[in-house]
Amino acid sequence: MLRTPGAVRDAERWTAHNYHPLPVVISSAEGAWLTDVDGRRYLDCLAGYSALNFGHRHPKLIAAAHAQLDRLTLTSRAFIHDQFADFCRELAELCGKDLVLPMNTGAEAVETGVKVARKWGYQVKGVAPGQANIVVAEGNFHGRTTTIVSFSTDEDARADFGPYTPGFTVVPYGDLDALAAAIDENTVAVLIEPIQGEQGVVVPPAGYLPGVRRVCTDNNVLFIADEIQSGLGRTGATFACDHEGVTPDMYLLGKALGGGIVPVSAVAADANVLGVLKPGQHGSTFGGNPLACAVATEVVRLLTTGEFQRRSAELGARLHAGLQALVGRGLVAVRGRGLWAGLDIDPALMTGREACERLAERGVLVKDTHGSTIRLAPPLVITEEEIDHAVAQLAAVLAG
């Protein structure tokens with residue numbers, strides 16, 4: 001008797017409906033492959049929204065976790081533990097920044113970035129108390145806390161969660177003139193995703209990111225890059241900003257930083273920015289805990305070799321070539337960079353959800369977003385043959 005239907009029913013019975021998962025119940029995984037409770041294998045082409053950049057149970061990351069589990073898992077920030085300084089130093093060096101502030105989830109990193117930018121604005125820039133504003137982009141996805149959904153343009157994420165936090169100005173993504181026009185004497189930061197993931201892997205026009213950097217510099221405004229999904233090798237470079245030679249004032253990192261084992265996020269910036277925080281003004285019980293630091297340090301070391309960035313660039317080119325061949329054969333458009341793609345399916349054929357369900361039936365797992373759009377973000381350990389297999393299964397689904 002199959003176990004999946006009963007497990008799905010139990011999840012529906014006891015879980016609030018904050019997600020709409022596919023009816024697949026995973027029990028084990030290795031590399032780019034998942035196995036469900038009935039023993040069926042699936043090729044993972046989502047990688048936990050980039051949280052699993054290094055695949056499931058990467059041997060070096062598992063070894064780091066096991067070693068730390070035998071020694072120390074949690075202290076609190078009331079003390080310093082022996083994994084803390086190495087993690088902060090090595091991540092700061094990877095980012096080219098002075099300081100790192102570890103947190104847990106991506107949303108916490110964004111909240112931290114917002115708080116630091118406001119405090120910097122008051123203490124360094126000289127903005128009048130309570131007047132700081134931050135410019136953000138339409139179509140953004142930075143998390144789901146009350147403050148973050150206050151500047152979301154996705155009504156599913158925002159509706160009925162007011163009253164909303166003030167202090168944000170929304171402009172069209174990719175429109176440099178609109179961004180420049182929105183900045184005034186009270187603007188402390190521009191917060192954007194270098195590539196908008198949840199919106200459908202939307203890459204901005206060439207020159208946009210350097211333009212944002214220039215506008216921020218000219219107006220004494222912090223450029224905050226949310227690289228929680230796009231960073232740490234996903235796009236074929238360490239950071240998506242690297243593709244245009246841009247260095248933000250602040251990186252917001254998460255997802256892949258935890259190696260698919262523990263939630264880890266971080267804010268990286270220079271001392272003249274992160275240095276505005278003083279003891280007692282911000283914190284997190286689990287932020288920078290020993291287990292998280294041990295795993296995340298190994299993640300940083302994997303990235304310093306450049307292997308995963310090269311894999312993403314080379315395999316990403318193969319993925320995009322295969323996908324582009326399907327434009328006009330069921331796909332309307334393909335976007336993305338590296339091993340990251342947003343696909344617009346002809347809505348006359350099917351919805352994005354229907355495409356994901358049909359791909360799951362063929363043993364390939366992806367996820368939809370916004371109607372007829374689906375996203376592919378396979379682990380960076382995927383092989384050429386596995387990429388070709390995924391594209392072939394998509395072609396079969398589109399052909400009906």
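The values are calculated or read from the model by the stated rules, or taken from the named source; none is laboratory data. From a predicted model like this one, the values you see are computed outputs, not experimental measurements. Don't worry about glycine lacking a Cβ; one is built from the backbone with ideal geometry, like all the others, and counts go over all protein chains shown.
Laid out as a table, the results:
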| item | result |
| --- | --- |
| Lone qualifier among L52, L43, L94, L34 - being surrounded by 20 or more Cβ atoms within 10 Å (Cβ to Cβ), on the phi < 0 side of the Ramachandran plot and in a loop (DSSP other than H, G, I, E, B) | L52 |
| So V295, is it assigned to a loop (DSSP other than H, G, I, E, B) and aliphatic (A, V, I, L, M) | no |
| Matching helices (runs of 4 or more DSSP H) fully within region 117-186 where at least 1 residues are of a type in the set (D, E, K, R) | 155-158, 176-182 |
| Residues of region 190-213 satisfying the condition of being in a strand (DSSP E or B) and either under 14 Å from R337 (Cβ atoms) or not β-branched (V, I, T) (or both) | L191, Q196, V202 |
| Near pairs, Cβ below 6 angstrom, 6+ apart or cross-chain, from region 339-353 (in the same structural domain as I374 (by TED's automatic domain parsing) and buried (at least 16 other Cβ atoms within 10 Å of the Cβ)) to any residue that is modelled with pLDDT of 95 or more and among the charged types (D, E, K, R) | W340/R234; G342/R335; G342/R375; G352/D368; R353/D368 |
| Residues of region 117-165 classified as under 17 Å from the mean Cα position of the chain (by Cα), polar (S, T, N, Q) and buried (at least 17 other Cβ atoms within 10 Å of the Cβ), total | 2 |
| Yes/no for V327 being hydrophobic (A, V, I, L, M, F, W, C) and buried (at least 21 other Cβ atoms within 10 Å of the Cβ) | no |
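Listed here are the residues, each with its yes/no results for (1) modelled with pLDDT under 95; (2) under 27 Å from E307 (Cα atoms); (3) within 20 Å of the chain's Cα centre (by Cα).
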{"residue": "R335", "(1), (2), (3)": "no, yes, yes"}
{"residue": "G338", "(1), (2), (3)": "no, yes, yes"}
{"residue": "G342", "(1), (2), (3)": "no, yes, yes"}
{"residue": "L349", "(1), (2), (3)": "no, no, no"}
{"residue": "R353", "(1), (2), (3)": "no, no, no"}
{"residue": "R358", "(1), (2), (3)": "no, no, no"}
{"residue": "E361", "(1), (2), (3)": "no, no, no"}
{"residue": "L365", "(1), (2), (3)": "no, yes, yes"}
{"residue": "G371", "(1), (2), (3)": "yes, no, no"}
